[in-house]
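Contents: one structure, followed by commentary.
The values are calculated or read from the model by the stated rules, or taken from the named source; none is laboratory data. In this text, all values refer to a predicted model and were calculated from it rather than measured experimentally. Every residue, glycine among them, receives a Cβ derived from its backbone with ideal geometry; neighbour counts consider all protein chains shown. Each accessible area value is taken on the protein alone, full model and side chains, heavy atoms only, with ligands, DNA and RNA left out. Shrake-Rupley method; radii C 1.70, N 1.55, O 1.52, S 1.80 Å.
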Amino acid sequence: MEQTLFDKIWNDHQVAELDDGSFLVYIDRVFLHERTGSVALSSLAESGRAVRNPAQVFGTVDHIIDTTPGRSDRTRMPGGEAFVRAMRELSRQAGIRFIDIHDRRQGISHLVSAEQGIALPGLTLVCPDSHTCTLGALGTLAWGIGSSECEHAMATETLRLKKPGQMQVRCDGELPAGVTAKDLALHLIGRHSAAGGRGFAIEFCGSTVERLPLAGRATLCNMAVEFSAFTALVAPDEKTLAYVEQRPLAPAGDQLASARQYWERLHTDPGARFDLQLTIDAADVAPTVTWGTSPQHAVAVDGRVPDPRHIADEQERRTTELAMAYMDLAPGTAVRDLAIDGAFIGSCTNSRLPDLRAAAAVLDGNRVADGITAICVPGSSAIKREAEAEGLDEVFRAAGFEWRESGCSLCFYAGGEGFPTGARVISSTNRNFEGRQGRGVRTHLASPATVAASAIAGRIADCRETTARP
Amino acid sequence: MKPLRQHQGVAVPLLRINIDTDAIIPSREMKRVSKKGLGQGLFAGWRYRYEGDEKVGPEPEFALNQPAYAGASILLAGANFGCGSSREHAVWALAEYGFRVLVAPSFGSIFRNNCIRNGLLPVTLPAEQVETLADSLQPDPQQRRIKVDLEARVIETADGRTLEFSIDEAARKTLLDGLDAIEVTLRHDDAIQAFKAADRQRRAWASLWPE
């Protein structure tokens, strides 16, 4: 029978079908970070259970650690140090591999997983972090879990799951100039709502997706959780295999040959069935920005804030009004030209080398507008080094951006660092939730190029116009 | 884990869509490597008044701060409740505050799993029925309590109307018996070991060995 990519990976990990309709699924890799991983490790130890297969468990620090140059264990957040130290100490006790703050391999969890070859095509990987779905870009069946489920995965090497439905999202054609995977993701969520992917494992496919670099595929899969999907996948191709084979933890020698054989069958068979199929024409996607407090509040950069009077459903109308009040926006306001106070480039969504290059191309020779706080945080220490080797750090600095050490940083307030109360911020991150980047902070999500163009203009700008300048 | 079979309590409506886990427990309220001490931070962005970043007292407009909803243990919410971050702290905060049942048209999927692992019952009902429940609380939510029966899969309003709900059997069993998920899974340890042995043959490349 024809199988989807998801079917193939699922079937090879199914340990048992249980009598309550759920499945026991084998977990190949577990990744932890200091905020939720520390709790999982300490709770597991308290319950007297051990990590069953420490060789398959990895950890790093990204969420709470400081990202300013010259950093130490100290955090801006009172008590944050305790998370860093607990993660280090508990990792040692549990015998898992831990990538510490000054390790060359340190970075945002999902980037480290990819760079180190912890995530490989066809593996299952879980992490107590919702954006674990990012790794679907490599054809890894990866998803976010809570701390308790993480304990379960470490203690049993399995998770109990209901089998998700399957959705195919096909995008064909060439993305217009200045339009990126981030715009595509926001476009999808804007069109089908933040709950549009509920209950589904998504496969992104089509010529647009095939053409995307792995970084773009990572952005697309990363945003699947903002679409409420269980997770997302992209079928591995030559681009993927060329990348993963070079990773430190990739199989070698004969093992690599058999892995390659295995990986080459990881695609959806022609005629395989999905429960739902959505299509997007790449030509319809414009640079996209959010106006509100949910990723579904996405409009083209030349779009406007909606008028709640036109929303029939009462709860939805009330929710929209609350979002507009929080964002301090009136109905019908043009998103473009909204004055901003801050600009942030970073996060597991958009902090990879192609993201930094795209932003730098816009910034080159320009200056951030007066009064704008502009910060760039590379997603991993490795990316930071590569960017510096290309001189991108100089471009960012010359334009007036801070250039930081890697971590999650201002994507959210976890490290105790946020933008000032009430600030309006354009951000390459994934969540525009209330208070996410600081109390009362108003976040507009966009691509790195749009963030860079907006930082220069001092207002939300169309990156296609900035890039057009010599 | 505390089993949950029947529950009766004061319900509080928070009927907006897409309430995310950052709203349920903001990052800045997750102060220690612990599952405890989170109740105070529940809905902190909405629940308190602030001067700068300092809390200066309760926000009287927020439902949880109103005497009508004092001691609430049932939360009525809009669709996609608990979307966003996987932080289980959201569930620990809700449970520590005293919530035992959440009713919404849909839930974030990681959040929903986290609820079940912590003895918090997520009930899925269509939006109109959640509104009906909210309406049934008035004029006195303290007196007009709601009854939830997980065994029978029904919710009963104070005026005696019953609403049936469905829930998957795995979640229902876990909640009814307060089961420890790890223990339950380890009953299948033979199957896990057999799978591993076969898998090491089939996918030898996928195994990692200690450094």
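With solvent modelled as a 1.4 Å probe, how much accessible area in total do chains A and B shield from it at their shared surface, in Å² to the nearest 100?
Buried: approximately 6200 Å² between B and A.
With angles folded into 0 to 90 degrees, how steeply does helix A:80-94 sit against the dominant principal axis of chain A? Use alpha carbons for both and round to 10.
Roughly 20 degrees between the two axes.
Go through B:167, B:193, B:127 and say which Cα lies farthest out towards the positive end of the charge dipole of chain B; charges sit on Cβ, +1 for Lys and Arg, -1 for Asp and Glu.
In chain B, that residue is B:193.
Hey, how much of the P(r) for the stretch A:284-368 falls beyond 14 Å, as a percent of Cα pairs?
72
With +1 assigned to the C-beta of every Lys and Arg and -1 to the C-beta of every Asp and Glu, and no other charges, what is the dipole magnitude of the protein assembly as shown about the Cα centre in debye, to the nearest 20?
With Lys and Arg at +1 and Asp and Glu at -1, about 940 debye.
Need one number: nm distance between label points at residue A:19 and residue A:311, each 7 Å from Cα along Cα→Cβ, rounded to one decimal.
4.7
Of the residues B:35, B:55, B:147, which exhibits the maximal mean-square fluctuation in a Gaussian network model of chain B defined by a 10 Å Cα contact cut-off?
B:55
Suppose each label sits 7 Å from its Cα in the direction of the beta carbon; what would the residue A:275-residue A:52 distance come out to in nanometres?
2.7
If the only charges are +1 at each Lys and Arg Cβ and -1 at each Asp and Glu Cβ, what is the size of the charge dipole of the stretch A:18-162 around the Cα centre, to the nearest 20 debye?
260
Which of the lysines could a cross-linker span from residue A:182 if the Cα-Cα distance has to be under 30 Å and same-chain partners fewer than 8 positions apart are dropped?
Within reach: A:8, A:162, A:163, A:239, A:384.
Would you mind checking the radius of gyration and Dmax of the protein assembly as shown based on alpha-carbon positions, in Å?
23.8, 73
Within the stretch B:6-204, what whole-number % of the accessible surface is contributed by carbon and sulfur, with the 1.4 Å probe and all protein chains included in the calculation?
Answer for the stretch B:6-204: carbon and sulfur cover 47 percent of the accessible area.
Just in the stretch B:158-211: which trypsin sites (Lys or Arg not before Pro) are loop by DSSP and have at most 14 other Cβ atoms within 10 Å?
Counting only loop positions with at most 14 other Cβ atoms within 10 Å, the trypsin sites (Lys or Arg not before Pro) in the stretch B:158-211 are B:161, B:187.
I need the shape label for the stretch A:41-131. Rule: rounded when a/c is under 1.5, else prolate if a/b > b/c, else oblate, with a, b, c from the alpha carbon gyration tensor.
Verdict is oblate for the stretch A:41-131.
Along the positive direction of the dipole of the protein assembly as shown (beta-carbon charges: Lys, Arg +1; Asp, Glu -1; about the Cα centre), which of A:368, A:180, B:95 reaches farthest?
Farthest towards the positive end: B:95.
Could you give the accessible area per residue of the protein assembly as shown, probe 1.4 Å, as a whole number in Å²?
For the protein assembly as shown, the per-residue accessible area is 35 Å².
Modelled label-to-label distance, residue A:284 and residue B:128, 7 Å Cα→beta-carbon offset: nm?
Result: 3.0 nm between the two label points.
How much accessible area does residue A:2 have with a 1.4 Å probe, in Å² rounded to the nearest 10?
90
Could you work out, residue by residue across A:412-422, how many beta carbons of other chains sit within 10 Å of that residue's beta carbon, and then give the average as an integer?
So the per-residue partner count for this stretch is 3.
Determine the sum of side-chain charges near residue A:319: Lys and Arg each +1, Asp and Glu each -1, restricted to other residues whose C-beta is under 11 angstrom from that of residue A:319.
Within the 11 Å Cβ shell, the charges total -1.
In sequence order, what are the phi-derived ³J(HN,Hα) couplings for the stretch A:447-452 according to the Karplus relation 6.51 cos²θ - 1.76 cosθ + 1.60 with θ = phi - 60°, rounded to whole Hz, with x for glycine and proline?
Working through the residues one at a time gives 6, x, 5, 5, 4, 5 Hz.
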